Amino acid sequence: MKAILALADGRIFEGKSFGAAGEASGEVVFNTAMTGYQEVLTDPSYKGQMVTMTYTQIGNTGINPEDIESRGLFLSGFIVKEYQDCYSNWRATMSLDSYLKENGVVGIQGIDTRALTRHLRDKGAQNGVISTNDLDHASLVAKARAVPSMAGLDLASGVTCDKPYHWTQGVWDLEGGYPQVDPATLKYKVVAYDFGIKYNILRCLVSAGCDVTVVPANFPAEEALAMNPDGIFLSNGPGDPEPLVGVQEEIRKFVGKKPVFGICLGHQLLGLALGGKTVKLPFGNHGSNLPVKDMVSGQVEITSQNHGFAVDLDSLGTVACLGHENLNDQTVEGIRHCDLPIFSVQHHPEASPGPHDSQYLFGRFVDMMKQHRK
Amino acid sequence: MPKRTDLKKILIIGAGPIVIGQACEFDYSGTQACKALKEEGFEVVLLNSNPATIMTDPDFADRTYVEPVTPEMLAKIIEKERPDAVLPTLGGQTALNTAVAVAEMGVLEKFGVELIGAKLPAIKKAEDRTLFKAAMEKIGLGIPRSGFAHNYQEAMEVVRHVGFPAIIRPSFTLGGTGGGIAYNMEEYEKMVMAGIEASPTDEVLVEESVIGWKEYELEVMRDTADNVVIICSIENFDPMGVHTGDSITVAPAQTLTDKEYQILRDASLAIIREIGVDTGGSNIQFGINPRDGRLVVIEMNPRVSRSSALASKATGFPIAKIAAKLAVGYRLDEIINDITRETPACFEPTIDYVVTKIPRFTFEKFPAADATLTTQMKSVGEVMAIGRTFKESFQKALRSLEIGSAGFESRLFDLTSETRRALTAKEQQLLFEKLRTPNCDRVWFLGDALRSGMSVDEIFKVTNIDPWFLHNIRQIIEKEESLKGLAPAGITADILREAKQYGFSDKFLGKLWGMTDEAVRQLRLSLGVTPVFKRVDTCAAEFVAYTPYLYSTYEEECEADVSDRKKVIILGGGPNRIGQGIEFDYCCVHGVFALAADGYETIMVNCNPETVSTDYDTSDRLYFEPLTYEDVLSIVDVEKPTGVIVQFGGQTPLKLAVALEKAGVPIIGTSPDSIDRAEDRERFQEMLHKLGLKQPENGTARSFEEAEAVADRIGYPVVVRPSYVLGGRAMEIVYDVDNLRRYMHTAVQASPEHPILIDKFLDEAIEIDVDALCDGTDVIIGGIMEHIEEAGIHSGDSACSLPPYSISAEVEAEIRRQTVLMALELNVKGLMNVQYALKDGVIYILEVNPRASRTSPFVSKATGRPLAKIAASIMGGRSLQEQGITSDIKVKHVAVKESVFPFVKFPGVDTLLGPEMKSTGEVMGIDENFAKAFAKAQIGAGTRLPMEGKVFISVKDADKKHLTAIARNLHNTGFQLVATRGTASYLREKGVEVQTVNKVLEGRPHIVDSIKNGEIVMVINTTHGAQAVADSFSIRRETLIHGITYFTTVAAARAAVDAILAKRREGLDVKPLQDYLA
């Protein structure tokens, strides 16, 4: 079946449908990770976006029951060069195509994804529409233009959990899969705010020794503090941090009271809560190969990233300093509060997909909580 | 940490001659290292015996030692140069072993020299199997069950615990030499003892078989600050059991989820840290059980490897260059990525295409060799292709191989007429055998397996090739089915484009449609189906790429972004194979350098990932593409070059010349017509006649009857060969009519389109090679080389001396005169090579090649005159006069080239030389006289020159008269002589003292017993006639296995004895090329 991807600026890509048929729209972004499409698909941060994988052979390892990062699929479209229906992997249980169909995600394959990537790189991320019903170019471009901009949208409340829950699963390994960790062995009580949290963050926290309670995005700070946690975690999530004014307000209430660790959207929200500003990047960073320098150790770590906004360091004045730096574009990759046990990173130390170089950050958070307890 | 300031002078060790397992990838890495260190202001000293390398060009290092890469020579150089550091990680296993040896000799300590890149303990930990095993256990990584054996008894104990099949890996050998897989006790006993023999430390590792497991490689880099990055992941198409150098490999890994890939990545980081490789690149190999994902570490190379070269070409990340910079103290985040210009080298390349590497084999050269692929490497080269999908990339790689393949040809079906059908029982059996046992044809049989209706599951069960790959091939074969039989009228643009996206070549489509490739091309162009060119940029387009490193594909957007400068395309040589190797790449690279200096934009086209020519840094623009008519024309269509050069890349581009010219491509340099005049027997004869020059009597035959008539007319022995071949493919000396008949039956199959050439064989003639330059007006003789071995041994296999060492000044003058005459007559623009034979004072012309020759780099190194550069400038329009080249160079030193052979990798193959080329590489020995230069050439080629002991002599009757002086010399120097009955009595008659020993058939103890007992230090064995050759085969084979010095021609033996005498008398000293050429 024919499918068309139309961008708001009028660029058209004709390809073939895979996954669900129909029509979908969203901000078109690219991801340069060569492995981990299943994790990308299940990452809530992609809410409202259509993801094009720059690697060309997608579907090779099918879908397995383990490599999932949330309760569902949140992205609105999936764009690849060549979808391979004949998967091969000992853990696979179904094909990517069936998975997308089952979850109603519209896909397009057979397009020049490199041309698309270059286009997004040069023109900036923009909205688009994939359709198998409407094949009229002008009509599709008009639809793409009608898609609201990501800036100013509150997407987190659409992906967060309904109510608090407890998490006890640790990180995966080949022999044992995901271990269920006995809560009695977990020493640090952490309240994790879910703005679209990836499961692997929770697993990393558990494996680092945290007893984790996940709470919805709008969970009042007072109630969180009433749980008497050792630390507060602020998760990743989709879109623009700015409209989440209420959340920022709540975060501010933790400052000076508890150690705080934020990742991605959580990092941006922390930056805003500390009085800083965020800026929208031209096309963001989405991949698994990005070099980041830890300003504490001087080591470079290869990181997984997925963000379109960044914290503006200058706007934070003397409240916080640079904790991590992105070596590719020199953007702020992490901040550290100058006086308090508060820090955050823009990239994804939980990886999944991506390298495990930054997983030490969970240990750093635990150390912070340990220190603070004394 | 920035660059170290305590280091001023650094010695880089090269890899020496090209051998199986160690090819021109180490010229690529060494050249990058030299460039990088010179750029950083270090004084660079280089040791490499291989004259055909770019790195040994005198301007790439400050002091270039073209000397044998041995611990003794390295020690001398260190003593003389007193470098601050030695960098041993860029010259393959040879460099590493040599560095370890000098370290252990105490030389480094004595002169206060530091090993940089990898320290001795790290090298030991990675290379010594016991230490490696302990290291892996320490970091909790699994390795296959294994144990060491140093003798028969230990070997028996080990295998009891390891079980069958057992893998045998000798310690410290190249490309797994002497290794193998034993399925039963009988095989095991044989292999394990051969392995112990092959190992310099008399040690083998016997390992649990993980045959059939998935195999992966990761290329890892680490800096002084312990930053580690993965440059590339590679998945082997051929599962475990086939040496990775012989496996088809694909980048990136295709069948791992992120979780599984990260296990490999974490393991790689842990390994490079635990082994303690300070800086630079390492290659780590893993096996994964396809059923449950269990991981085992196979091995780690603490140095830049063949896979690093592949990874560099596959990603655009220059591993060797960065490794050199890291070795002198830089951190990864302090080095800028050349391609993006704004991001640091501290990242992990991500690619948006698929890379396929396919090895190139030359089993046709060694019919007696076992063509089964095992853990011992047997391929001599490789090709790489880039496509947006695996299917496209794989089919492009197939047609890059230069073996006449245009895609998935069938071995069992007629693709033009037959539809799918069941196989006969015999075909079925052949197919099953070809699938089950890894071999270099297996890929094509996979196609046939699918055509015969086998399912992917069934094929997987037989081959263990991952179903993902098999499904892709199935899709190609299904596409072939759907394309077959389409009438031209039914071929639409959409159909054609999709076929091209699957990687189908015009030629293969032509076969399916009964059209020529040109007709398919025309149809394709008329339908507007043309390729676009995309860039290799390390980052999947995330950043702007500044380096035009391009590959073709069939998609929307073209990134070629061509200039309107005056520009020249240089066509490369394709995969290394016997007869066409690094020498031609050297010429291509020189062509690029010269034309760039002359103001041209230079564009390189090649598909060999091992080479310097495919470094994106070499030319202005690089097209990593197959060297076929179709692919070259597509580039020409886009680039619209001022000129295209076909005479540097050997036979590969040369055979495209006529067709390209016909298609309107501006071929510059010597015209294709002149090339044809030199290649075409009749036209060539007319020319010689016109010029009054002689050639051996000859004739042409298209059938046995014609051949017999020619041979009767000119008289036996005759040299027979197919026309248009390189490296003496299928060339033989035939002594009688029976052998002529046998030959005509095999040879005619070898080249059906071309007739067989028959020449009178000039027995005992001296062969002379000449390389000359001509601009159409003037001729310069680049060098005259006298072969050591007599005519009849392929010139590529023969040792040779520059200047000649035995011919008279008159003969030399006459050779010059004849060379000039022919160069002008052929209107050569560039290089020309002539092979002469001198017999009884008469000069015969054997062959004229108006193109770069295999000897061009050797002559350039020996004389200091860069022939290929000058030739390129001629082609670009600058005359010899304008270049200031007005007279021949007379050298005061002597340079000897010696060839290096792969016999040790091919059990069962005889070591006798003949008209068919068998060598893989060459070395140069340079010194003040012939004997010393020859000695160095021998040592450089791996031949030990014994200083005392027992020499075994057995020569054919015709050689006996030459033997007396040699034997007397040896005897007088204190060697004991033993000989077979005939040779012994001849020598005794001449008054030389000699013992007699039994031939093998004469009863025991015989000569092979003596060899096995280590009583013999050198063997001189010449033989003639099928029976005698067969009878003496075991002597040569045992000699080879035991690493005993041997000579199979009297000429070489004579030179060697002179060399031994000279070495005993004066010893050998080292001197850099710059001093010789000053």
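The values are calculated or read from the model by the stated rules, or taken from the named source; none is laboratory data. Small disclaimer: the values here were computed from a predicted structure and weren't measured. Positions of Cβ are backbone-derived with ideal geometry, glycine not excepted, and every protein chain shown enters the neighbour counts.
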What's the total number of residues in region A:302-335 that are farther than 24 Å from A:A151 by Cα, crowded, with 18+ Cβ neighbours inside 10 Å and more than 14 Å from chain B (Cβ to nearest Cβ)? 2
One residue is enough: does region B:375-392 have a residue meeting the conditions out of contact with any Leu (no Cβ under 9 Å at 6 or more places or on another chain), under 30 Å from B:R169 (Cα atoms), surrounded by fewer than 24 Cβ atoms within 10 Å (Cβ to Cβ) and more than 14 Å from chain A (Cβ to nearest Cβ)? yes
Determine whether B:A872 is crowded, with 18+ Cβ neighbours inside 10 Å, under 19 Å from B:I668 (Cα atoms) and without any contact (Cβ under 8 Å) to a residue 60 or more places away in the chain. no
Residue set A:T132, A:T168, A:T160, A:T213; condition in contact (Cβ under 8 Å) with a residue 12 or more places away in the chain and in contact with a helix residue (DSSP H, G or I) (Cβ under 7 Å, 6 or more places away or on another chain); output residue A:T168
Can you pull out the helices (runs of 4 or more DSSP H) entirely within region B:1017-1078 that have at least 3 residues that are touching a strand residue (DSSP E or B) at 6+ places or on another chain (Cβ under 9 Å), modelled with pLDDT of 90 or more and not hydroxyl-bearing (S, T, Y)? B:1050-1066, B:1073-1077
Please enumerate the residues belonging to region B:521-536 that are of a type in the set (A, V, I, L, M), closer than 16 Å to B:V636 by Cα and in contact with a Ser or Thr (Cβ under 9 Å, 6 or more places away or on another chain). B:V532
Cβ-Cβ under 6 Å, sequence separation 6+ or interchain: first residue in region A:278-301 and more than 21 Å from B:D352 (Cα to Cα) and more than 8 Å from chain B (Cβ to nearest Cβ), partner in a strand (DSSP E or B) and of a type in the set (D, E). Which pairs? A:V279/A:D312; A:V292/A:E301; A:V292/A:E333
Candidate set: region B:503-551, residues that are over 31 Å from the mean Cα position of the chain (by Cα) and polar (S, T, N, Q); chosen: the one farthest from the other protein chains (Cβ to nearest Cβ): B:T516
List every residue pair whose Cβ atoms sit under 8 Å apart, with the two residues 6 or more apart in sequence or on different chains, where the first one lies in region B:218-235 and is more than 11 Å from every other protein chain (Cβ to nearest Cβ) and the second, anywhere, is of a type in the set (D, E) and part of a strand (DSSP E or B). B:I234/B:E217; B:I234/B:E219
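Quick check on A:V106: is it buried (at least 24 other Cβ atoms within 10 Å of the Cβ) and away from every other protein chain (no Cβ under 12 Å)?
Answer is yes for this residue.
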Residue pairs, Cβ under 9 Å, 6 or more apart or interchain, first in region A:242-255 and closer than 10 Å to A:A221 by Cα and buried (at least 16 other Cβ atoms within 10 Å of the Cβ), second modelled with pLDDT of 95 or more and among the hydroxyl-bearing types (S, T, Y). List them. A:V247/A:Y193; A:E250/A:Y193; A:I251/A:Y193
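Yes/no matrix, rows are residues, columns are (1) of a type in the set (G, A, S); (2) crowded, with 18+ Cβ neighbours inside 10 Å:
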site: B:L90; (1), (2): no, yes
site: B:V102; (1), (2): no, yes
site: B:G112; (1), (2): yes, no
site: B:A118; (1), (2): yes, yes
site: B:F132; (1), (2): no, yes
site: B:R145; (1), (2): no, no
site: B:V158; (1), (2): no, yes
site: B:V162; (1), (2): no, yes
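Which one of B:Q254, B:Q262 is under 29 Å from B:L332 (Cβ atoms), facing chain A (nearest Cβ under 8 Å) and either in contact with a helix residue (DSSP H, G or I) (Cβ under 8 Å, 6 or more places away or on another chain) or buried (at least 23 other Cβ atoms within 10 Å of the Cβ) (or both)?
B:Q254
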Determine whether region B:325-346 contains at least one residue that is among the aliphatic types (A, V, I, L, M), away from every other protein chain (no Cβ under 14 Å) and assigned to a helix (DSSP H, G or I). yes
For B:V354, state whether it is among the aliphatic types (A, V, I, L, M), within 14 Å of chain A (Cβ to nearest Cβ) and crowded, with 24+ Cβ neighbours inside 10 Å. yes
What is the residue count in region B:529-546 for residues that are in contact with a Leu (Cβ under 8 Å, 6 or more places away or on another chain), in a loop (DSSP other than H, G, I, E, B) and either under 20 Å from B:T350 (Cβ atoms) or among the aromatic types (F, W, Y) (or both)? 1
Where in region B:110-192 are the helices (runs of 4 or more DSSP H), entirely inside, with at least 2 residues that are free of Cβ contacts under 8 Å to residues at least 24 places away in the same chain? B:129-138, B:152-162
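Go over the candidates A:G10, A:G15, A:G36, A:G59 one by one and state the one that is of a type in the set (G, A, S), within 11 Å of chain B (Cβ to nearest Cβ) and more than 28 Å from A:E350 (Cα to Cα).
Being of a type in the set (G, A, S), within 11 Å of chain B (Cβ to nearest Cβ) and more than 28 Å from A:E350 (Cα to Cα) holds for just one of A:G10, A:G15, A:G36, A:G59, which is A:G15.
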Only one of (1) away from chain A (no Cβ under 12 Å); (2) at pLDDT 95 or above; (3) not in a loop (DSSP other than H, G, I, E, B) is not met by B:D238, so which one is it? (3)
Out of the residues in region B:886-912 that are among the charged types (D, E, K, R) and in a loop (DSSP other than H, G, I, E, B), state the one that is farthest from B:T863 (Cα to Cα). B:D910
For region A:230-241, give me each residue that is out of contact with any Cys (no Cβ under 6 Å at 6 or more places or on another chain) and buried (at least 24 other Cβ atoms within 10 Å of the Cβ). A:G231, A:I232, A:F233, A:L234, A:S235, A:G237, A:P238, A:G239, A:P241
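Say whether the condition of being facing chain B (nearest Cβ under 9 Å) and either within 12 Å of the chain's Cα centre (by Cα) or of a type in the set (S, T, Y) (or both) is met by at least one residue in region A:78-87.
yes
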Which listed residue, of B:I322, B:I284, is part of a strand (DSSP E or B), buried (at least 24 other Cβ atoms within 10 Å of the Cβ), modelled with pLDDT of 95 or more and more than 13 Å from every other protein chain (Cβ to nearest Cβ): B:I284
Complete set of residues in region B:46-76 that are surrounded by fewer than 24 Cβ atoms within 10 Å (Cβ to Cβ) and aliphatic (A, V, I, L, M): B:M73, B:A75
Matching residues in region B:979-996 (in a strand (DSSP E or B) and buried (at least 20 other Cβ atoms within 10 Å of the Cβ)) number 1
Cβ pairs under 6 Å, 6+ apart or interchain, first in region A:345-372 and within 13 Å of A:E301 (Cα to Cα) and more than 13 Å from every other protein chain (Cβ to nearest Cβ), second in a helix (DSSP H, G or I) and β-branched (V, I, T), ordered by first then second residue, are none
Reported set for region B:1014-1050 where residues are buried (at least 21 other Cβ atoms within 10 Å of the Cβ) and more than 16 Å from B:F903 (Cβ to Cβ) is B:I1016, B:M1018, B:I1020, B:T1022, B:V1050
